[in-house]
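Undergrad: Following this message is one structure expressed as structure tokens.
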Amino acid sequence: MNKYLFLIALFGMTYMYVQAQTQQPELNSVLGGYLNVKDALVKSDSKGAAAASAVLLQTITNIDMKAIPAKDHMEFMKLQDKLEYDARHISESTDINHQREHFTNLSANMITLAKHARVSLNAIYEDYCPMKKTYWLSGDTAIQNPYFGKTMPDCGKIAGTLNPQ
């Protein structure tokens with residue numbers, strides 16, 4: 001009987017550990033929102049970028065701070081106002097050039113967040129645009145440049161890989 005109780009307890013603890021290791025981190029929703037803004041800019045879709053950025057702004061503003069581990073919480077708090085600022089500016093504009101200017105700052109802050117907090121269970125790619133001399137994040141290895149969109153969609157290179165922490 002004790003052997004069965006032990007096995008049940010061991011199974012339960014193993015299950016909880018695996019669940020904790022496979023659940024997306026709370027900050028994954030911020031990364032997902034950011035990637036949606038990037039994708040709209042790749043398509044040179046200013047209205048889509050504004051809409052995606054409005055959703056990103058809501059996500060940043062309404063994130064459940066209690067669900068973020070302490071280390072990640074501190075890193076997010078350092079950047080939250082900056083992320084909100086650029087997301088708000090992108091959401092309030094349909095001028096693609098203005099949106100891309102704010103996307104540069106949004107990207108810099110998202111890169112900082114991704115380097116210091118767990119935002120994904122998967123690798124994230126830090127891409128570089130040599131024409132604009134700036135970076136952005138991507139969820140895959142294909143270059144899709146948000147700074148030139150339809151004009152030069154594959155301009156750039158992978159500058160680094162950010163692995164989950």
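Undergrad: Which ones in region 41-64 are loosely packed, with under 12 Cβ neighbours inside 10 Å and either in contact with a strand residue (DSSP E or B) (Cβ under 9 Å, 6 or more places away or on another chain) or closer than 20 Å to L113 by Cα (or both)?
TA: Taking region 41-64 as the starting set, the residues that turn out to be loosely packed, with under 12 Cβ neighbours inside 10 Å are 47, 62, 64.
Within region 41-64, N62, D64 qualify.
Undergrad: Here is a follow-up. Inspect region 145-153 for any residue being under 26 Å from D81 (Cβ atoms) and under 13 Å from the mean Cα position of the chain (by Cα) and give the result as yes or no. If you could, list the steps in order and put the result at the bottom.
TA: Here is the first cut: in region 145-153, the residues under 26 Å from D81 (Cβ atoms) are 146-147.
Next, only the ones that are under 13 Å from the mean Cα position of the chain (by Cα) stay: none.
No - not one qualifying residue is present in region 145-153.
Undergrad: Then there is this: Can you tell me which residue among H73, H102 is in contact with a Ser or Thr (Cβ under 9 Å, 6 or more places away or on another chain), buried (at least 16 other Cβ atoms within 10 Å of the Cβ) and in a helix (DSSP H, G or I)?
TA: On the way: H73 fails: in contact with a Ser or Thr (Cβ under 9 Å, 6 or more places away or on another chain).
When all the criteria are applied, what remains is H102.
Undergrad: What number of residues in region 123-139 are under 19 Å from V37 (Cβ atoms) and loosely packed, with under 13 Cβ neighbours inside 10 Å?
TA: First pass over region 123-139, keeping only residues under 19 Å from V37 (Cβ atoms): 124-129, 132, 134-139.
Filter again for loosely packed, with under 13 Cβ neighbours inside 10 Å, leaving none.
Qualifying residue count, region 123-139: 0.
Undergrad: With the condition kept exactly as written, say whether any residue in region 50-62 is in contact with an Asp or Glu (Cβ under 8 Å, 6 or more places away or on another chain) and over 27 Å from I143 (Cβ atoms).
TA: Of the residues in region 50-62, the ones in contact with an Asp or Glu (Cβ under 8 Å, 6 or more places away or on another chain) are 50, 52, 57, 60-61.
Then keep just the ones that are over 27 Å from I143 (Cβ atoms); that gives 61.
Yes, that holds for at least one residue.
Undergrad: Given the conditions (1) at pLDDT 95 or above; (2) closer than 16 Å to L162 by Cα; (3) surrounded by fewer than 16 Cβ atoms within 10 Å (Cβ to Cβ), report the number of the one that N109 does not fulfil.
TA: Of (1) at pLDDT 95 or above; (2) closer than 16 Å to L162 by Cα; (3) surrounded by fewer than 16 Cβ atoms within 10 Å (Cβ to Cβ), only one is false for N109: (3).
Undergrad: Now for a different question. Go through the residues of region 126-134 one by one and say whether even a single one is assigned to a loop (DSSP other than H, G, I, E, B), touching an Asp or Glu at 6+ places or on another chain (Cβ under 8 Å), of a type outside the set (D, E) and at pLDDT 95 or above. Explain how you work it out, then say what you get.
TA: The initial filter retains those residues of region 126-134 that are assigned to a loop (DSSP other than H, G, I, E, B), namely 130-133.
Restricting the remaining residues to those that are touching an Asp or Glu at 6+ places or on another chain (Cβ under 8 Å) gives none.
Within region 126-134, none of the residues are assigned to a loop (DSSP other than H, G, I, E, B), touching an Asp or Glu at 6+ places or on another chain (Cβ under 8 Å), of a type outside the set (D, E) and at pLDDT 95 or above.
Undergrad: Tell me which residues, restricted to region 140-154, are surrounded by fewer than 17 Cβ atoms within 10 Å (Cβ to Cβ) and either in contact (Cβ under 8 Å) with a residue 24 or more places away in the chain or outside any loop (DSSP other than H, G, I, E, B) (or both). If you could, list the steps in order and put the result at the bottom.
TA: The initial filter retains those residues of region 140-154 that are surrounded by fewer than 17 Cβ atoms within 10 Å (Cβ to Cβ), namely 140-142, 150-154.
Selection gives K150, T151, P153.
Undergrad: Quick one: L121 ticks every box in (1) assigned to a helix (DSSP H, G or I); (2) within 19 Å of T59 (Cβ to Cβ); (3) touching a residue at least 24 places away in the same chain (Cβ under 8 Å) bar one, so which box is it?
TA: Status for L121: all satisfied but (1).
Okay, residues lined up against (1) modelled with pLDDT of 95 or more; (2) in contact with a Lys or Arg (Cβ under 9 Å, 6 or more places away or on another chain):
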position	(1), (2)
F11	no, no
Y15	no, no
Q21	no, no
V37	yes, no
K43	yes, yes
S46	yes, no
A51	yes, no
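Undergrad: Just the residues that are more than 11 Å from the chain's Cα centre (by Cα) and either of a type in the set (F, W, Y) or closer than 20 Å to N28 by Cβ (or both), please, taken from region 91-107. Steps first, answer last, please.
TA: Of all residues in region 91-107, those more than 11 Å from the chain's Cα centre (by Cα) come to 91-105.
Within region 91-107, F103 is the sole residue that qualifies.
The values are calculated or read from the model by the stated rules, or taken from the named source; none is laboratory data. From a predicted model like this one, the values you see are computed outputs, not experimental measurements. When we count neighbours, we look across all protein chains shown, and the Cβ atoms used for this are built from the backbone with ideal geometry, even at glycine.
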